[in-house]
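See structure below.
Every read-out reported here was derived from the displayed coordinates using simple, explicitly stated rules and does not represent laboratory data. The shown structure was predicted, so the numbers you read here are calculated from the model rather than taken from an experiment. Counting neighbours? That spans all protein chains shown, and the Cβs are built from the backbone with ideal geometry, glycine included.
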Amino acid sequence: MRTLRDPAEMQSWALEQRRVGHSIGLVPTMGFLHDGHLSLVKKARASADLVCVSIFVNPTQFGPNEDFSTYPRDWERDEALCRQAGVDLIFAPAPEAVYAADASVSVVEKRLATRLCGASRPGHFEGVCTVVAKLFNLTQPTFAVFGEKDAQQLRIIRRMVRDLNIPVEIVSGPIVRESDGLAMSSRNARLRSDERGQAVCLRRALDTVESAFARGERSADALRSAALAEIARAPLARVDYVDLVDDVTLEPVSRIEAPVLCALAVHFPSARLIDNAVLKG
C-alpha cells in the first residue's frame, strides 16, 4: 500500500494506471474510518483492479461555526485499517496542497442542494461538489463509492456527474449500523455517554415512520409528526429537520405515491447526526 500526499504525484500515478488499462475504484473519506467506510472499500475491492481511499478533512464544506477543527482524526488507525482492507493507495493531501491561496473556482449545484442539509448548512454542498470534482480529476477513478447515509450528498454527486459529463460511475453502499441501530458515523465518537444513549432516537424515528407507512399511512405530515414525537422522547436531542421529499428531486411531498426519502438531522450537544430511509410508494 502506498500513501501519496502531493496532488500532482497522485494524478500522475492515476493517469499511468488508467493508461495501462487498470480500473480504479475511489472511496472518498474524511478519515476516522469505521466499518461503514470499510464496507465501501470492500465494495470497491470487489470490482476494481486498484482501490484508492482519499483521506481529507475538507475545510470548504464546514461553516464558520462548525466542527472542522474538532473533527475526529486518527491517521495511524486509518492507515492500518486501509492496509488490512486491501487498499492499494491512500491519497492524503494537506488543505494547502488542494486549494491554491487565490482559488476562485467552485462547483455549485443549484437545485438539490437548497433543501435538507443544504438549507441548514449554507455553502456545504458547494464545498462537497468542488472537492469531489477535484478528487475525480486527481485520482481518475473508473467508479467512486459513496455511502447511502449521506443521502442528499449521494444524489447531488450523481447530478454533478450527469450535468458535467464526468466519466465516473457513482456506486452506493448501504448504511451500516451499530448493534442498537445508530448509523455509523465518525462524529459518533464525539458523543458523551448520555448523548450516545439517546442518539438511537434517529433510528427509532425512522422505524416509527416505516411501521406507519407499512400499515398504510401515506400522509407526509402524519409520518413527520410521528418521527418528531419519537425524537422528542430524547431530551438532549434538538431537531434540525425531519422531512419527507421526493427521492429523486428532493422536493417536498404531501402524500407518498412514489419513492420518498425520509431524511432527518438532529443536534446533540457534542455532534450533529443524520440518518434516512427510503419509502417505496
- [ ] Round to a whole angstrom and tell me the spacing of the C-alpha centers of region 95-168 and region 190-210.
- [x] 28 Å
Task: Angle between the chain longest axis and helix 35-45 axis [Cα atoms, degrees, rounded to 10] - done: 50 degrees
TODO: List, in order, the whole-Hz ³J(HN,Hα) value for each residue of region 71-82 obtained from phi through the Karplus relation with A = 6.51, B = -1.76, C = 1.60 and θ = phi - 60°; use x for Gly and Pro.
DONE: 4, x, 9, 7, 4, 4, 5, 4, 4, 5, 5, 5
TODO: Would you mind telling me which residue in GLU79, GLU210, GLU178 has the biggest mean-square fluctuation in a Gaussian network model of the chain, where springs connect alpha carbons within a distance under 10 angstrom?
DONE: GLU178
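Contact order normalised by length for the chain, with contacts defined as Cα pairs under 8 Å and 6 or more residues apart; what percent is it? If you can, show how the numbers build up before the last one.
Values: 504 pairs, mean separation 49.2, N = 281.
The value is 18 percent.
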- [ ] Place the peptides 144-153, 68-77, 4-13 in order of packing, highest mean first, counting for every residue the other Cβ atoms within 10 Å and averaging per peptide.
- [x] 144-153, 4-13, 68-77
Task: For the chain, alpha-carbon Rg and Dmax in angstrom - done: 19.1, 57
Open item on the list: Compute the helix-to-body angle for 7-19: its Cα long axis versus the longest principal axis of the chain, expressed 0 to 90° and rounded to tens.
Closed with: 80 degrees
TODO: Any chance you could give the angle, 0 to 90 degrees and rounded to 10, that helix 124-139 forms with the longest Cα principal axis of the chain?
DONE: 30 degrees
